[in-house]
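Notes to accompany the following structure.
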Amino acid sequence: MLRLRYDFSAIEKKWQDIWDEKQVFAASTDYTKPKYYALVEFPYPSGQGLHVGHPRSYTALDIVARKRRMQGYNVLYPMGWDAFGLPTENFAIKHHIHPEKVTHDNVARFKSQLKALGLSFDWSREVNTTDANYYKWTQWIFLQLFKKGLAYKKEMAVNWCTSCKVVLANEEVVNGVCERCSGEVVHKVKSQWMLKITEYAQRLIDDLDLVDYIDRVKVSQKNWIGRSEGAEVNFDTTAGDQLLIYTTRPDTLYGATYMVMSPEHPYLEKWADKISNIDEVCAYQEAAAKKSDLERAELNKEKTGVKLCGVAGINPVNGKEIPIFISDYVLMTYGTGAIMAVPGHDTRDWEFAKKFQLPIIEVVKGGNVEEEAFTDCATGVMVNSGMLDGLSVEEAKEKIIAWLQEQGKGTAKVNYKLRDWVFSRQRYWGEPIPIVHCDKCGFVPVDEKELPLRLPEVESYEPTENGESPLAAMDEWVNTTCPHCGGPAKRETDTMPQWAGSSWYFLRYCDAANNDALAAKEALDYWMPVDWYNGGMEHTTLHLLYSRFWHKFLYDIGVVSTPEPYAKRTSHGMILGEDGQKMSKSRGNVVNPDDIVREYGADTMRLYEMFIGDFEKTAPWSQASIKGCKRFLERLWNLMDVIQPSDEYSSDLESAFHRTIKKVSEDIENLKFNTAIAAMMALINDIYEKGSITRGEMKTLVQLANPFAPHITEEIWELQNFGGMLNQQAWPSYEEDKCKEAMVEIAVQISGKLRARVNVPSDADQAACLEIAKADPTVKAQLEGKTIVKEIVIPGKLVNIVAK
RNA sequence: GCCGCUAUGGCGAAACUGGCAGACGCAAGGGACUUAAAAUCCCUCGGUGGAAACACCAUACCGGUUCGAGCCCGGUUAGCGGCACCA
């Protein structure tokens with residue numbers, strides 16, 4: 001027989017063109033249909049092109065999207081570009097090419113690579129964060145935040161590269177040095193735009209109960225927000241002022257033997273004339289300020305500090321005077337910037353006390369405070385603590401807080417590790433912040449009608465000598481008039497961070513061409529929330545949290561109608577190089593998806609990426625294993641040679657088909673793409689063993705495989721004249737009854753050891769299974785002369801006879 | 001240090017809710033076809049012993065619960081990722 005060759009490159013090109021031309025994957029605007037919104041993180045279009053890691057996520061949700069369409073949903077599966085950012089800007093500086101041009105070229109390359117994979121994106125809703133029509137709305141959201149008092153300007157320490165004389169984003173500081181030149185990075189105080197994400201901290205924790213995120217995502221978000229419960233306590237001081245501290249262990253108040261203030265604490269200046277060793281204190285302050293991140297990390301082990309001579313604190317519970325120190329182990333950015341130190345029950349305080357020979361008082365019994373700090377809250381009992389003696393830690397906390405409140409010396413207090421979002425970048429390639437600074441009126445928002453506030457053309461993208469954005473050098477752009485009073489004013493020259501555009505992009509997809517709003521309310525109400533969002537774990541704490549924050553804000557001002565943007569969040573594992581290391585140019589282990597598509601085809605590539613291992617875990621690439629997936633497709637293709645005319649399932653494969661449909665249907669929902677593929681491979685092995693396949697079976701087989709390998713299955717569908725386009729057919733159904741085989745092999749154990757296997761009818765009850773098992777000759781021999789103590793029967797699984 | 005994840009053949013991995021460990025695939029070995037190779041098809045494939053039936057051992061390590069543990073509990077080790085003095 002003349003066999004039709006599986007010419008993947010011709011087939012893939014053909015169907016990609018047809019899908020494009022007929023717009024088969026464009027989401028409908030008929031809002032009466034049931035909807036499904038599948039979302040993957042839009043990529044940063046880097047100069048390196050697509051990485052093999054990208055298609056892992058895209059293919060997975062493509063499978064979900066294609067399955068949902070076959071299940072009758074109106075599916076939105078969009079794609080776009082998170083295109084503002086530093087690598088593009090750096091490339092532009094180096095090669096003197098406009099970042100817009102660089103972005104345009106990179107996007108074109110990415111898009112053709114994605115199209116070559118046959119991903120069913122709705123390209124009619126493509127978004128690009130660098131389009132003025134897009135960032136118009138990013139700026140609009142910023143203005144709403146500003147109007148609600150959630151955007152504010154603050155003096156902040158920023159990273160300053162002493163060699164490039166440039167302000168660096170945190171991401172550009174690697175191991176305490178400049179990513180680009182390896183120069184020393186120090187902190188410099190600059191005025192920065194901030195967003196009050198901390199105002200949403202509690203809701204960002206609480207509303208995790210409303211969504212279906214994989215557990216590890218919820219856990220890391222909670223840890224990142226870092227809620228802690230404790231108390232603020234006012235300590236009187238000999239300087240007259242009260243010093244406010246925060247503690248999570250108010251129960252240990254009797255054990256506080258000294259206090260520590262952060263070197264940046266404002267009281268130090270206030271108390272300067274009362275501190276007799278002020279020179280020593282100032283020297284320490286300066287040294288602390290100069291320390292780079294790298295040094296700080298290194299010096300973590302050894303505690304340092306200076307005692308304030310001439311000022312002491314007074315412990316409110318016993319009126320005792322205790323010394324006050326400054327030390328950089330206390331951070332100005334958390335709590336009140338000052339602590340009470342309880343060396344008996346806090347590891348850091350214990351280390352400090354040992355070094356400075358300060359008294360250690362045991363106030364919770366249970367450990368040996370001479371050896372190490374005893375920090376266990378669950379088991380200890382209060383001692384040496386006056387009114388708290390004999391209480392548990394929990395009881396003591398409650399009692400002391402009540403007492404402090406009564407005395408007016410303290411109050412219960414919740415703190416979060418989460419800090420406000422530093423929203424300024426002194427860079428060119430970002431959204432201009434639409435604010436004007438007027439000497440008379442202060443910070444004035446640009447009129448919304450003036451949006452988008454476009455990036456001006458500049459000669460050079462280099463940051464300026466003093467660390468200002470390149471925009472600061474553009475006098476004609478900077479100098480403007482105040483929208484409020486009409487007087488002379490200056491534009492804000494900082495731009496937004498890359499996280500801005502990605503904090504709301506999923507909303508724009510709902511109505512991507514809208515010029516009057518970020519999206520029509522009707523469209524948002526129909527599509528939102530995103531039903532399934534997949535992305536990398538590395539975005540759990542920044543992007544995911546930022547976008548939840550913006551969405552909650554938009555919910556509060558009535559723009560969106562759901563409190564949470566994503567109903568379900570899953571996360572894929574990274575794909576490593578063949579050597580088990582992270583792929584990188586320097587290691588030379590990078591795999592280019594183009595090469596795989598060229599050599600094996602997109603369907604094989606898709607299948608391999610899904611078959612590589614557990615979707616949620618990291619997996620090393622294996623060039624040799626790809627072949628297995630290619631063979632599977634060829635075996636599928638070659639089945640066309642042995643098709644029998646029947647439209648039914650054959651009697652000997654019927655149950656196998658029902659079982660496979662069930663398995664594949666369920667596995668897709670549970671991110672078990674690897675075992676779904678394995679089940680289809682096993683089915684094909686069964687078919688080969690039999691030697692033929694009916695038309696009806698072939699039909700089901702290609703329907704099942706379509707979401708995984710869309711091109712080859714579509715081609716087979718057409719060649720077999722099954723009618724219409726495969727991607728528009730219904731998802732195959734199965735009957736639970738028919739998933740069972742007539743006979744099943746069950747295990748027979750004697751006292752827990754496997755001794756035999758017997759075939760029983762699949763509907764055999766316990767007694768029947770037992771009877772068949774006991775009739776087995778091996779079992780009979782094993783039971784010879786023994787007394788049966790117990791018989792356990794799990795129908796369809798095993799029989800265990802315990803005998804002595 | 002803290003948080004999270006992981007540990008199963010030569011390799012990637014399966015194993016439902018505690019019920020036949022190793023599905024599926026790769027590699028390897030043998031065979032068929034071929035002048036030959038590729039491709040394809042068939043067989044074998046955790047270890048030890050045995051001609052075989054079969055027996056014993058085996059899911060990082062030690063212990064426990066159970067008729068039965070890769071899975072549950074307690075402890076230990078190693079690796080990966082994140083955070084970094086958060087009071």
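The values are calculated or read from the model by the stated rules, or taken from the named source; none is laboratory data. Just so we're clear, the structure is a prediction, and the values are computed from it rather than from any experiment. Cβ: placed from backbone, ideal geometry, glycine included. Neighbour counts: every protein chain shown. For the accessible areas, the whole protein counts, side chains as well, though only heavy atoms, and no ligand, DNA or RNA atoms are used. Shrake-Rupley method; radii C 1.70, N 1.55, O 1.52, S 1.80 Å.
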By its C-alpha gyration tensor, with a ≥ b ≥ c as the square roots of the eigenvalues, how is segment A:569-672 shaped: rounded for a/c under 1.5, else prolate for a/b larger than b/c, else oblate?
oblate
Enumerate the residues in segment A:42-70 having an amide nitrogen under 18 Å from the point lying 7 Å beyond the Cα of A:I97 toward its Cβ.
A:44-51
R0 = 45 Å: FRET efficiency of A:E21 with A:N759, Cβ-based, nearest 0.05?
0.25
Classify chain A as rounded, prolate or oblate, taking a ≥ b ≥ c as the square roots of the eigenvalues of its Cα gyration tensor: rounded when a/c is under 1.5, otherwise prolate if a/b is larger than b/c and oblate if not.
oblate
Among A:Q71, A:N534, A:G628, the residue whose Cα sits farthest towards the positive end of the charge dipole of chain A (+1 at Cβ of Lys and Arg, -1 at Cβ of Asp and Glu, taken about the Cα centre) is A:G628
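How large is the convex hull of the C-alpha atoms of segment A:1-129 per residue, in Å³? Intermediate values should be presented prior to the final figure.
Values: hull volume 18.5 nm³, N = 129.
So the per-residue hull volume is 144 Å³.
Dividing the Cα convex hull volume of segment A:676-767 by residue count, how many Å³ per residue is that?
Per residue, the Cα convex hull of segment A:676-767 comes to 140 Å³.
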Working with all protein chains in place, sort A:L253, A:L719 by solvent-accessible area computed with a 1.4 Å probe, largest first.
A:L719, A:L253
Pop a pseudo-label 7 angstrom from the Cα along the beta-carbon direction at both A:K627 and A:R419 and give the gap in nm to one decimal.
5.4 nm
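Applying 1/(1 + (r/R0)^6) with R0 = 51 Å to the Cβ-Cβ distance of A:Q242 and A:E634, what FRET efficiency is obtained, to the nearest 0.05?
On the way: r = 80 Å, r/R0 = 1.57.
Calculated transfer efficiency: 0.05.
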Once both axes come from the Cα atoms, what is the angle between helix A:99-115 and the longest principal axis of chain A, in degrees from 0 to 90, rounded to 10?
30 degrees
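Using just the Cα positions, wrap segment A:213-349 in a convex hull and report its mean projected area in square nanometres, one decimal place.
Values: hull surface 38.4 nm².
So the mean shadow area of the Cα hull is 9.6 nm².
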What is the angle, in °, between the Cα long axis of helix A:278-290 and the longest principal axis of the Cα atoms in chain A? Nearest 10 is fine, range 0 to 90.
20 degrees
Burial ranking of peptide ranges A:196-205, A:255-264 (average Cβ count within 10 Å, highest at the top):
A:255-264, A:196-205
What is the list of residues in segment A:625-661 whose amide nitrogen lies under 16 Å from a point 7 angstrom out from the Cα of A:A682, following Cα to Cβ?
A:653-661
Sort out for me the Cα centre separation of segment A:615-667 from segment A:724-802, rounded to whole Å.
27 Å
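From the P(r) of segment A:506-644, can you give the percent of Cα pairs sitting at distances over 20 Å? Write down the numbers at each step before the final one.
On the way: 6074 of 9591 pairs.
Counting pairs separated by more than 20 Å, the tail of P(r) holds 63 percent.
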Indicate the gyration tensor shape class of segment A:80-141 (rounded, prolate or oblate), computed on the Cα atoms with a ≥ b ≥ c the square roots of the eigenvalues: a/c under 1.5 is rounded; otherwise a/b larger than b/c is prolate and the rest oblate.
oblate
Where Rh denotes the Kirkwood radius from the mean inverse Cα pair distance, what is Rg over Rh for segment A:178-289?
1.08
Compute the acute angle (0 to 90°) between the alpha-carbon long axis of helix A:673-690 and the principal axis of greatest extent of the alpha-carbon atoms of chain A; round to the nearest 10°.
10 degrees
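Kindly state, to the nearest 0.05, the FRET efficiency for A:E448 paired with A:E522, given R0 = 22 Å and r defined as their beta-carbon distance.
Details: r = 21 Å, r/R0 = 0.97.
Efficiency for this residue pair is about 0.55.
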Note: probe point = Cα of A:K33 + 7 Å toward Cβ; backbone nitrogen < 14 Å; residues of segment A:521-565 passing the test are A:527
